[in-house]
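Worksheet: the structure to be examined is printed underneath.
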Amino acid sequence: MCGIMGTINKNNDAIQKVIEGLERLEYRGYDSCGIAYLDNLEIETIKTKGRVKELSQLVDSNIKTNIAIGHTRWATHGGATTINAHPHTVGSITIVHNGIIENYLTLKEKLINNGYTFKSETDTEVAGALLDFYYQKNKDIKDAITNFIKEVKGSYAIVLLCKDIKDKLFVIKKDSPLVIGTNQEGVLIASDIPTISCECEDYYLLNDLEWAIVGLDKISFFNNNGEEIIKERQVFKDAALTYSKEKYDHFMLKEIMEQVTTLSKLINYYLEDDRYLNLIDISKFKRIDIVACGSAYNASLVGKYLFEEEAGIETEVYLASEYRYKKNFLDKDSLVIFVSQSGETADTLACLKKIKETDAKSLGIINVEKSSISLLVDEVIYTKSGSEIAVATTKAYTSQLAVFSLLTLSSLVKNRKLDKTDAVITELKNIGNDVQTLLKDTSKYQEVAKKIVASKKIFFLGRSIDYAIMKEGDLKLKEITYISSECYAAGELKHGPISLIDKDTLVIAGNTNKLLYEKTESNLCEVTARGANTLLITNKNTDSDNILIPEKSIYVSPILEVIPLQLIAYYTGVLLERDIDKPRNLAKSVTVE
Ligand code: M6R
């Protein structure tokens, strides 16, 4: 999704700082980019449909300036073109924007009637024009911003330059993240914390409808009525993020390999000193809804299974984009769990804001600390998997599964349905070794990748928890290989989709549940009878073409089952020479609806 970077500093290297920040934002996914800076008291703008590297080649590196803003755009309103790329200049205002201005067509009409013309198809240019419209009335930028906030519907993180006020940046925020960091050299503004945490000592987070005037020596904060407010300065405590692939060809592979440590660390942190027993007791609630998108939704399906089958608590899982417009039945006995790697996903965040108006309790299972969702929920469990750079999630997803295991076990132990010394807990503790075993020899996953490339159709099948895991395998393959694959509950195939099965089909099936082994095997017979090739991921002794995972309890098994699927998707992407870490059209955190 779109990324914002801006700076005002003493060193006159603002262009370089913005380009470096845009490079760090690249992982979010984008299709064009641009920069605006002050040069000889004039605002210069350079944009390209290409990558940040190309942008940096278009900018004269000899220019010294202390103020610049930049943007990576993920197209929403209007195609991925240079004209539509940000920054946009209208009158005195030069603007970069993340989010969506929902009433931009109405605003555009009003502005056209007031003599404005537009070069791009974007809602952002309309936002810039509206700011200019109010600014021109009395040349008061404060009035312009407060009027803008009153009139605009939608989401926005905005940084703007005003050509008449050359030593300040102005930032405005609603429903789209924005952070202002400071260091000895000056101020850096970005749309996410990781982008500036490597450069800044302190930072300020803006709440919705707040805005700021950023100068080199002073940052002033205001509410939507234009009244000055005090904001708490926060300190970066954790080590700055590193953006190195180390010895790996891609961040995705590095992050898959890191799962040995991310999972061990997370689980051991909670098991040490019985910390997991301090987690919220899910058995106290009469209703549990889990809300998420994409892979986080797939992880939630596993959570539902654990809560229901192991803890006996009825649970529903919803796609956030559906939940936000659905009638809810929540009261004080309800728990709504929000699962998100980024903690910024627009639909998930909107659902959280909606349920905040009810008596339900909210719990976040979040990776990025201090992200919008993590700050708004009643309680948060961090998945502690570190920064995830590849667009396709791997280590954050398995950490979400581990948190669901811990939450279930915590409830069982607290309610005396399981002993603290039970073998399943020891098994969870040792997960790192099992993950390591699966990662040791990658040649078999590379062989499967060749079979996938040679097949015309790919199906993923599974029952119960295997189905949830296969959904994640299917999503991973789609995301990074652009292969059109399908995923079904194994028993559902014969109700329609089996008509697609033929000799050009490869069926990848998960079969790890003893109670359902034979059922899934029968479904596989149905597809082999129609000429399909099959590949099983199973914990049952199997012929050598299949992938064997260690036989473990339900708290560990799903985590082990997904790892071969991650690697299969990865190696297929490599074979097809895809842009593994930044697949086409995708964004790391989806901050628009
Ligand atoms: O940051 P979130 O976990 O809320 O993101 C949700 C989805 O957008 C995300 O899981 C997406 O499906 C990933 N690209 C999957 O790899």
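The values are calculated or read from the model by the stated rules, or taken from the named source; none is laboratory data. Treat the numbers as computed from the prediction; the structure is a model and nothing was measured. In this analysis, Cβ positions are derived from the backbone assuming ideal geometry, glycine residues included, and neighbour counts consider all displayed protein chains. SASA here: full protein model, heavy atoms, side chains in, ligands and nucleic acids out. Shrake-Rupley method; radii C 1.70, N 1.55, O 1.52, S 1.80 Å.
Looking at the stretch 308-329 only, could you name the residues that are away from the ligand (no atom under 16 Å from the Cβ) and surrounded by fewer than 19 Cβ atoms within 10 Å (Cβ to Cβ)?
Narrowing the stretch 308-329 to residues away from the ligand (no atom under 16 Å from the Cβ): 308-316, 325-329.
Matches in the stretch 308-329: Glu308, Glu309, Gly312, Glu314, Glu316, Tyr325, Lys326, Lys327, Asn328, Phe329.
Would you confirm, using the coordinates I've provided, whether Tyr297 is within 15 Å of the ligand (Cβ to nearest atom), in a helix (DSSP H, G or I) and buried (at least 22 other Cβ atoms within 10 Å of the Cβ)? First the steps, then the outcome.
Numbers: within 15 Å of the ligand (Cβ to nearest atom): yes; in a helix (DSSP H, G or I): yes; buried (at least 22 other Cβ atoms within 10 Å of the Cβ): yes.
Yes.
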**OP:** Scan the stretch 91-111 for residues that are open to solvent by 10 Å² or more (accessible area, probe 1.4 Å), among the β-branched types (Val, Ile, Thr) and over 26 Å from the mean Cα position of the chain (by Cα) and jot them down.
**Re:** Thr106
**OP:** Could you give me the residue pairs with C-beta distances under 8 Å whose first residue belongs to the stretch 116-127 and is part of a loop (DSSP other than H, G, I, E, B), whose second residue is among the basic types (Lys, Arg) wherever it lies, and which are 6+ apart or on separate chains?
**Re:** Phe118/Lys108
Subject >> Residues (under 21 Å from Ala396 (Cβ atoms), open to solvent by less than 20 Å² (accessible area, probe 1.4 Å) and hydrophobic (A, V, I, L, M, F, W, C)) located in the stretch 347-376 >> reply: Leu349, Cys351, Leu352, Leu363, Ile365, Ile366, Ile373
**OP:** Output the residues belonging to the stretch 330-340 that are within 16 Å of the ligand (Cβ to nearest atom) and more than 16 Å from the chain's Cα centre (by Cα).
**Re:** Val336, Ile337
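The rows are residues; the columns are (1) closer than 16 Å to Leu477 by Cα; (2) within 16 Å of the ligand (Cβ to nearest atom).
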{"residue": "Ala529", "(1), (2)": "no, no"}
{"residue": "Thr534", "(1), (2)": "no, no"}
{"residue": "Ile549", "(1), (2)": "no, no"}
{"residue": "Val562", "(1), (2)": "yes, yes"}
{"residue": "Leu565", "(1), (2)": "yes, yes"}
{"residue": "Tyr571", "(1), (2)": "yes, no"}
{"residue": "Arg578", "(1), (2)": "yes, yes"}
{"residue": "Val592", "(1), (2)": "no, yes"}
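Show me the strands (runs of 3 or more DSSP E) found entirely inside the stretch 1-62 where at least 3 residues are without any contact (Cβ under 8 Å) to a residue 40 or more places away in the chain.
Numbers: elements: 3-9, 32-39, 42-48.
Fully inside the stretch 1-62 and qualifying: 42-48.
Based on what the data block shows, is Thr542 open to solvent by less than 30 Å² (accessible area, probe 1.4 Å) and at negative phi? Give the derivation first.
Numbers: open to solvent by less than 30 Å² (accessible area, probe 1.4 Å): no; at negative phi: yes.
So Thr542 fails the test.
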Subject >> Pairs with Cβ under 9 Å, 6+ apart, first in the stretch 236-251 and at pLDDT below 70, second open to solvent by less than 100 Å² (accessible area, probe 1.4 Å) and among the aromatic types (Phe, Trp, Tyr) >> reply: Tyr243/Tyr27; Tyr243/Phe251
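Give me the strands (runs of 3 or more DSSP E) completely within the stretch 181-267, filtered to those with at least 1 residues that are of a type in the set (Asp, Glu), ordered by residue number. First the steps, then the outcome.
Working: elements: 186-190, 202-205, 210-214, 219-222.
The qualifying strands (runs of 3 or more DSSP E) are 202-205, 210-214.
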Original post:
If you check Leu515 against the conditions, is it surrounded by fewer than 17 Cβ atoms within 10 Å (Cβ to Cβ) and assigned to a helix (DSSP H, G or I)?
Top reply: yes
**OP:** Give the residue, chosen from Glu472, Glu492, Glu479, Glu447, that is assigned to a helix (DSSP H, G or I), out of contact with any strand residue (DSSP E or B) (no Cβ under 6 Å at 6 or more places or on another chain), within 16 Å of the ligand (Cβ to nearest atom) and open to solvent by 10 Å² or more (accessible area, probe 1.4 Å).
**Re:** Glu479
Original post:
Using beta carbons and a limit of 8 Å, which pairs, at least six apart or on different chains, have the first residue in the stretch 375-401 and at positive phi and the second one of a type in the set (Ser, Thr, Tyr)?
Top reply: Lys384/Thr262; Lys384/Tyr269; Lys384/Ser399; Gly386/Thr262
**OP:** Would you mind telling me which numbered condition in (1) in a helix (DSSP H, G or I); (2) open to solvent by less than 10 Å² (accessible area, probe 1.4 Å); (3) more than 14 Å from the ligand (Cβ to nearest atom) Phe460 fails?
**Re:** (1)
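Each row is one residue, and each column tells you yes or no for (1) small (Gly, Ala, Ser); (2) open to solvent by less than 60 Å² (accessible area, probe 1.4 Å); (3) assigned to a helix (DSSP H, G or I); (4) farther than 23 Å from Leu401 by Cβ.
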position	(1), (2), (3), (4)
Tyr467	no, no, yes, no
Cys487	no, yes, no, no
Gly510	yes, yes, no, no
Leu524	no, yes, yes, yes
